[in-house]
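For reference, the structure is listed below as structure tokens.
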Amino acid sequence: MQFILSFIYKLYDKGSIKRDTFLHKLHEKFFSSSFLVYIFFQVKISPDLSHKSNFRNLKHKFDLTTIILKITLKKFIKIDTSILEIGTGAFGILSIYFSKYTKKRIDSIDISTNNINSALINIKFNNAKINLFKSNIFENVISKYDVIFWNVPYYYPKKDYLYPLIDEVHNYLKEEGLLIIGYNSNPLKANEVINYTKNNNKIEYYKTVKFSWNHHLISLIRKK
Ligand SMILES: C[S@@+](CC[C@H](N)C(=O)[O-])C[C@H]1O[C@@H](n2cnc3c(N)ncnc32)[C@H](O)[C@@H]1O
């Protein structure tokens, strides 16, 4: 099963270019559907935003990582969990979803002004209570959280997202707080996350969550 999946992914995943086969078009239709966003996340997409996307050069509103992050995060988010979502995207899907699971107001950030403006519209449209602001990772973050999560950008240089995240995350986690990142295992390997985490002695790699039906991964990192 894993072998077949790897083969399909190798054929299919060509980064953000050359996505013009029937399979790619079908994939794009699926992940850009506002109806499916509602089915998977019970989040409505404002009609003003239906043309927008969360992903560079793609029309996707969500992806497999968004789904597996939802499944994994549900095990760690309780009614009194304080949460920061990094990179909430143009729709704030995961923040809106988890705002129904915790009584604490979720903080959400994104580096993109366009995404912030658009997510604000969608947060209002869903009547969710989220504190959304612009920040390059932790640049404008001042609180500490039980859970910080990020569906990280897939094809960015690691020095622009992974390394600063791991270097600084302990300053923004409460004791035994968790950093939970989701990613496509083609551009980023779990071992790269494990090895880089060893550079920060205030945190420890806890575990990798895998799913038999896809190649995306979740890494959990805990504050010591
Ligand atoms: C893969 S998308 C995830 C979108 C959405 N959260 C989801 O799960 O579908 C990654 C997001 O990270 C944001 N991002 C990229 N670099 C960032 C940075 N340095 N600081 C904060 N957000 C960043 C992007 O603008 C984008 O919205």
- Inside region 52-72, the number of residues satisfying the requirement of being near the ligand (Cβ under 10 Å from one of its atoms), part of a loop (DSSP other than H, G, I, E, B) and within 14 Å of Val37 (Cβ to Cβ) is 7
- Message: Give me the residue from region 102-117 that is assigned to a loop (DSSP other than H, G, I, E, B) and within 12 Å of the ligand (Cβ to nearest atom) and, out of that set, farthest from Ala90 (Cα to Cα).
- Response: Ile111
- Select from region 122-162 the residues that are in contact (Cβ under 8 Å) with a residue 12 or more places away in the chain, among the aromatic types (Phe, Trp, Tyr) and either under 28 Å from Ser185 (Cα atoms) or away from the ligand (no atom under 13 Å from the Cβ) (or both) and list them in ascending order. Phe125, Phe138, Tyr145, Phe149, Trp150, Tyr154, Tyr155, Tyr161
- Query: Of all residues in region 47-79, which are surrounded by 17 or more Cβ atoms within 10 Å (Cβ to Cβ) and of a type in the set (Gly, Ala, Ser)?
  - Reply: Ser53
- Query: Out of region 200-224, which residues are β-branched (Val, Ile, Thr), free of Cβ contacts under 8 Å to residues at least 60 places away in the same chain and out of contact with any Phe, Trp or Tyr (no Cβ under 9 Å at 6 or more places or on another chain)?
  - Reply: Ile203, Thr208
- Item | Residues that are closer than 20 Å to Thr66 by Cα and in contact with a Leu (Cβ under 6 Å, 6 or more places away or on another chain), drawn from region 138-148 | Val147, Ile148
- Item | In region 73-94, residue nearest to the ligand (Cβ to nearest atom) [restricted to those that are over 21 Å from His51 (Cβ atoms) and either assigned to a strand (DSSP E or B) or among the small types (Gly, Ala, Ser) (or both)] | Ile86
- Flagged in region 107-132 as out of contact with any Gly (no Cβ under 9 Å at 6 or more places or on another chain) and buried (at least 22 other Cβ atoms within 10 Å of the Cβ), in numbering order, are Asp107
- Which condition does Leu165 not pass, out of (1) within 9 Å of the ligand (Cβ to nearest atom); (2) hydrophobic (A, V, I, L, M, F, W, C); (3) touching a Gly at 6+ places or on another chain (Cβ under 9 Å), if it passes all the others? (3)
- Query: Just one of Tyr156, Tyr163 is closer than 20 Å to Leu64 by Cβ, outside any strand (DSSP E or B) and aromatic (Phe, Trp, Tyr); which is it?
  - Reply: Tyr156
- Does region 28-37 include one or more residues that are buried (at least 20 other Cβ atoms within 10 Å of the Cβ) and within 16 Å of Ala119 (Cβ to Cβ)? yes
- When you look at Tyr205, is it surrounded by 14 or more Cβ atoms within 10 Å (Cβ to Cβ), among the hydroxyl-bearing types (Ser, Thr, Tyr) and closer than 21 Å to Thr102 by Cα, yes or no? no
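Computed from the coordinates by the stated procedures, all read-outs in this text should not be read as laboratory data. Keep in mind that what you see is a predicted model, and the values were worked out from it rather than measured. Heads up, the Cβs are rebuilt from the backbone with ideal geometry, glycines too, and the neighbour counts pull from every protein chain shown.
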